[in-house]
1. So is residue 258 within 28 Å of residue 73 (Cα to Cα), within 16 Å of ligand 1 (Cβ to nearest atom) and assigned to a loop (DSSP other than H, G, I, E, B) or not?
2. Whether any residue in the range 190-197 is under 22 Å from residue 107 (Cα atoms), without any contact (Cβ under 8 Å) to a residue 40 or more places away in the chain and either out of contact with any helix residue (DSSP H, G or I) (no Cβ under 9 Å at 6 or more places or on another chain) or within 12 Å of ligand 2 (Cβ to nearest atom) (or both) is what I want to check.
3. How about the range 303-335: which of its residues are part of a helix (DSSP H, G or I) and over 18 Å from residue 270 (Cα atoms)?
4. Kindly provide the set of residues from the range 179-221 that are part of a loop (DSSP other than H, G, I, E, B) and within 16 Å of ligand 1 (Cβ to nearest atom), ordered by number.
5. What is the residue count in the range 86-129 for residues that are farther than 17 Å from residue 150 by Cα, within 12 Å of ligand 1 (Cβ to nearest atom) and at pLDDT 90 or above?
6. Taking residue 288 as meeting all but one of (1) surrounded by fewer than 18 Cβ atoms within 10 Å (Cβ to Cβ); (2) under 18 Å from residue 70 (Cβ atoms), write down the number of the exception.
7. At pLDDT 90 or above, outside the structural domain of residue 199 (by TED's automatic domain parsing) and surrounded by 14 or more Cβ atoms within 10 Å (Cβ to Cβ): which single residue out of 66, 163 fits that description?
Ligand SMILES: *Cc1c(COP(=O)(O)O)cnc(C)c1O
Ligand code: SF4
């Protein structure tokens with residue numbers, strides 16, 4: 001083949017070429033040099049990782065860009081703030097077998113991989129001991145045995161890290177193993193990849209999701225309407241054509257989406273591209289991310305305003321995960 005012919009980048013290529021140097025980021029986006037020292041130090045605690053399709057949506061020269069804020073390591077991350085701890089959800093104590101979290105009735109969360117395509121600075125899993133939760137073949141068999149032995153489980157949720165970092169071949173294998181368990185009816189995938197790397201939604205993947213006997217739900221993760229470009233819209237269309245129900249979960253973050261206009265536009269843009277808002281999470285008090293926190297009172301006020309402006313189906317549920325509870329705790333019921 002003529003070497004001057006350029007094939008479009010595959011998602012694997014894009015995944016292997018994420019930007020990990022704060023210096024390169026600051027230079028490329030023409031940001032103030034004063035950000036560099038903090039970025040370097042904070043990235044030693046939790047690496048910076050930005051895929052190109054995300055980088056392309058950041059406005060150059062704007063240190064307050066809402067997409068930049070989600071990925072730029074800041075010196076504030078190194079502050080010790082009382083109440084902000086390493087494992088705010090106490091997940092380490094809810095693993096009946098490695099790689100599986102069973103806290104809620106009827107559904108289990110399977111941690112497929114530790115990898116993500118992007119490192120979100122506010123991530124509550126930034127300190128999770130993933131190395132102990134690598135899902136090898138033996139562990140996977142234990143996960144299958146656990147699910148098979150409990151007929152009350154009807155839904156499996158692939159989580160991570162980001163489960164769509166796994167290859168199509170691996171996902172196909174995992175799904176066919178799960179299909180052997182008769183009491184399972186639903187498969188849910190929690191992934192940020194349709195947003196940060198929409199190239200991931202390949203024809204092979206949509207083929208797998210179309211032919212499985214499971215009713216498939218994908219929960220994407222977008223916090224700001226500026227994330228939702230044409231590539232994301234096209235990826236969601238491909239999923240919907242495969243019969244997948246697509247929801248969004250977002251995290252309420254100071255300096256990213258803590259404005260009524262932004263939240264309203266997020267819901268409307270999501271719906272325009274075929275996604276329904278599901279959860280809006282208040283921030284988990286994870287160590288190193290206190291600067292994203294918003295008081296509950298402010299969160300509830302924002303939801304009240306949102307309810308005044310939008311149809312009910314575009315108002316996400318304001319929720320929080322409280323360790324030890326059997327469901328998310330809703331913070332705003334609309335009766336306030
Ligand atoms: C969030 C979560 C779920 C899913 O909860 P839904 O309310 O069904 O979306 C399941 N298991 C765990 C451990 C969770 O944290
Ligand atoms: S994609 Fe999700 S799991 Fe990965 S770093 Fe971001 S918030 Fe955390």
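The values are calculated or read from the model by the stated rules, or taken from the named source; none is laboratory data. On a predicted model such as this, the values are computed, not experimentally measured, just so you know. Virtual Cβ from ideal backbone geometry, glycine too; neighbours counted across all protein chains shown.
1. no
2. There is at least one residue in the range 190-197 that is under 22 Å from residue 107 (Cα atoms), without any contact (Cβ under 8 Å) to a residue 40 or more places away in the chain and either out of contact with any helix residue (DSSP H, G or I) (no Cβ under 9 Å at 6 or more places or on another chain) or within 12 Å of ligand 2 (Cβ to nearest atom) (or both).
3. 304, 305, 308 - these are the residues of the range 303-335 that are part of a helix (DSSP H, G or I) and over 18 Å from residue 270 (Cα atoms).
4. The answer is 184, 185, 191, 192, 214.
5. 1
6. That leaves (1) as the condition not met.
7. None of the other options fit; the residue is 66.
Matching residues to (1) within 16 Å of ligand 2 (Cβ to nearest atom); (2) in contact with a helix residue (DSSP H, G or I) (Cβ under 9 Å, 6 or more places away or on another chain); (3) closer than 25 Å to residue 73 by Cβ; (4) not assigned by TED's automatic domain parsing to the domain that holds residue 190:
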residue	(1), (2), (3), (4)
277	no, yes, no, no
289	yes, yes, yes, no
297	no, no, no, no
302	no, yes, no, no
318	no, yes, no, no
